[in-house]
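Colleague: Dropping the structure in here first, questions after.
What follows draws every value from the coordinates through simple rules; no lab data is involved. The model shown is predicted, which means the values in this text are computed figures rather than measured ones. So basically every Cβ, Gly included, is an ideal-geometry build from the backbone, and we count neighbours across all protein chains shown.
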Amino acid sequence: MKLILLGAPGAGKGTVAKLLTELDGSVQISTGDILRGAVQAGTELGKKAEAYMKAGDLVPDELIMDIMEKRLQEPDCEKGFLLDGFPRTIPQAEALEKLLDKLGIELDMVVNIDVPRDVILDRLTTRRTCSNPECQAIYNVKSNPPKVEGVCDKCGSPVVQREDETEEAISHRLETYNEKTAPLVGFYEKKGKLLTVSATSSDEVINAIKARLAA
Ligand code: AMP
């Protein structure tokens with residue numbers, strides 16, 4: 001399947017994407033994961049992106065489109081892909097349309113995961129992420145802690161609070177979402193591609209996606 005997952009930070013895009021990969025071998029493409037990997041590896045891309053990310057600002061569209069143009073042409077995308085955290089601005093969505101046209105790819109659907117703000121705030125302040133750039137498994141200190149505190153169940157690396165998950169950066173990321181990313185809901189609605197799911201459980205979101213794909 002070829003999907004875009006839209007939703008505020010903490011809406012559950014990453015969790016839903018990981019579950020969907022298990023259904024048909026589609027790959028999760030998270031621009032946030034790619035950027036965090038680049039920052040940790042100290043690459044040119046990482047150096048350019050780091051300050052924006054720490055502040056909870058968006059990385060410039062050109063850098064993101066360079067990443068995505070290459071990533072979508074990798075062979076593992078042939079089975080399908082789940083775009084998690086991309087596009088995040090109208091210019092990114094327009095550039096993605098052109099890129100998909102050029103590559104002859106058609107999206108199945110754009111899923112908007114709609115979660116109340118109080119749930120989002122609670123989730124983001126209690127979220128913990130595996131520090132290994134190859135893993136980046138997601139935990140929650142309340143609802144889904146690692147078996148051994150601070151240690152990733154999957155790869156054994158330290159599980160940490162992301163630098164952009166301080167209260168200040170979180171509130172800035174949510175403002176950025178409302179201003180720059182929320183308009184994408186209307187953009188994709190006009191194109192008849194949008195499925196909005198108001199649900200806090202990832203299983204409910206998965207079931208709604210499966211039902212729409214089967215329709
Ligand atoms: P995420 O893990 O999706 O919450 O992304 C973490 C941070 O990476 C964001 O706050 C942005 O600074 C940056 N980022 C990720 N994806 C994008 C994107 N599509 N456009 C611009 N910045 C992005």
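Colleague: Residues with amide H under 5 Å of GLN28's amide H, sequence separation 5 or more or different chain, H placed in the peptide plane at 1.01 Å from N; which?
Modeller: Under 5 Å from the amide H of GLN28 lie the amide H atoms of LEU82, each far enough along the sequence or on another chain.
Colleague: Further question: Order these by the 10 Å Cβ neighbour count, fewest first: ASP114, ASP101.
Modeller: Sorted ascending by nearby Cβ count, the order is ASP101, ASP114.
Colleague: How far apart, in nanometres, would the label points at LEU121 and GLU179 be if each is projected 7 angstrom from Cα along the Cα-to-Cβ direction?
Modeller: For the pair LEU121/GLU179, the computed spacing is 1.9 nm.
Colleague: Also, I was wondering about something else. For the pair GLN161 and THR21, what calculated FRET efficiency results from E = 1/(1 + (r/R0)^6), where r is the Cβ-Cβ distance and R0 = 35 Å, to the nearest 0.05?
Modeller: On the way: r = 25 Å, r/R0 = 0.71.
Computed FRET efficiency for THR21 and GLN161 comes out at 0.90.
Colleague: Shifting gears a bit: Work out how far the C-alpha atoms of the chain reach from end to end along every principal axis, then list the three figures in whole Å, largest first.
Modeller: Sorted largest first, the three principal extents are 44, 39, 34 Å.
Colleague: Once phi is turned into θ = phi - 60°, what whole-Hz ³J(HN,Hα) does the Karplus curve with 6.51, -1.76 and 1.60 give for every residue of region 70-76, x standing for Gly and Pro?
Modeller: 6, 4, 6, 9, 6, x, 5
Colleague: Report, in deg cm²/dmol and to the nearest 500, the calculated mean residue ellipticity at 222 nm for the chain, where each DSSP H run with n ≥ 4 adds -39500 (n - 2.57) and the sum is divided by the residue count. Show your work: numbers first, answer last.
Modeller: Details: 9 runs with 101 residues, N = 215.
Counting only the DSSP helices, I get -14500 deg cm²/dmol.
Colleague: Here's a follow-up. What are the ³J(HN,Hα) values, in whole Hz, obtained from phi via the Karplus relation 6.51 cos²θ - 1.76 cosθ + 1.60 with θ = phi - 60°, for each residue of region 107-123 in sequence order, with x given for Gly and Pro?
Modeller: Calculated HN-Hα couplings, in order: 6, 7, 5, 10, 9, 9, 8, 10, 10, x, 4, 5, 5, 4, 5, 4, 5 Hz.
Colleague: Using θ = phi - 60° and the Karplus curve 6.51 cos²θ - 1.76 cosθ + 1.60, what whole-Hz ³J(HN,Hα) does each residue of region 39-56 get, with Gly and Pro shown as x?
Modeller: Taking θ as phi minus 60°, the curve returns 5, 5, 7, x, 6, 4, 4, x, 5, 6, 8, 4, 5, 4, 5, 4, 7, x Hz for region 39-56.
Colleague: Please identify the longest segment of the chain free of exposed GluC sites (Glu not before Pro), where exposed means a DSSP state other than H, G, I, E or B and no more than 12 other Cβ atoms within 10 Å.
Modeller: Working: sites that count: GLU78, GLU106, GLU134, GLU149.
Looking at the chain, 1-77 is the longest stretch - no exposed GluC sites (Glu not before Pro) with at most 12 other Cβ atoms within 10 Å.
Colleague: Would you mind checking the radius of gyration and Dmax of region 71-112 based on alpha-carbon positions, in Å?
Modeller: Considering region 71-112 through its Cα atoms, Rg and Dmax are 10.3, 27 Å.
Colleague: I'd like to know how region 1-69 sits against the 2.2 N^0.38 Å rule of thumb: what's its Cα Rg over that expected value?
Modeller: 1.20
Colleague: Quick query: amide H of GLY7 versus all other amide H atoms, modeled in the peptide plane; which residues come in under 5 Å with a sequence gap of 5 or more or a different chain?
Modeller: So GLY7 has HN proximity to ILE113.
Colleague: Give me the one-decimal nm value for the distance between modelled label points at ASP101 and VAL151, 7 Å along each residue's Cα-to-Cβ direction.
Modeller: Result: 5.4 nm between the two label points.
Colleague: What does the convex hull of the alpha-carbon atoms of region 112-215 project to on average, in nm²?
Modeller: With the hull built on Cα positions only, its mean projection is 8.1 nm².
Colleague: Shifting gears a bit: Quickly work out the LYS79-to-GLU168 label distance, labels modelled 7 Å from Cα along the C-beta direction, and quote it in nm with one decimal.
Modeller: With each label placed 7 Å out from Cα toward Cβ, I get 4.3 nm.
Colleague: While we're here: Among the lysines, which fall within straight-line cross-link reach of LYS54, defined as a Cα-Cα distance under 27 Å, with same-chain neighbours fewer than 8 residues apart omitted?
Modeller: LYS13, LYS18, LYS70, LYS142, LYS154, LYS180
Colleague: Cα centroid distance between region 1-79 and region 82-117, in Å?
Modeller: 12 Å
Colleague: Would you order ASP164, ASP61 from fewest to most other beta-carbon atoms within 10 Å of each residue's own beta-carbon? Mind showing how you got there, number by number?
Modeller: On the way: ASP164 20, ASP61 16.
Ascending Cβ contact count within 10 Å gives the list ASP61, ASP164.
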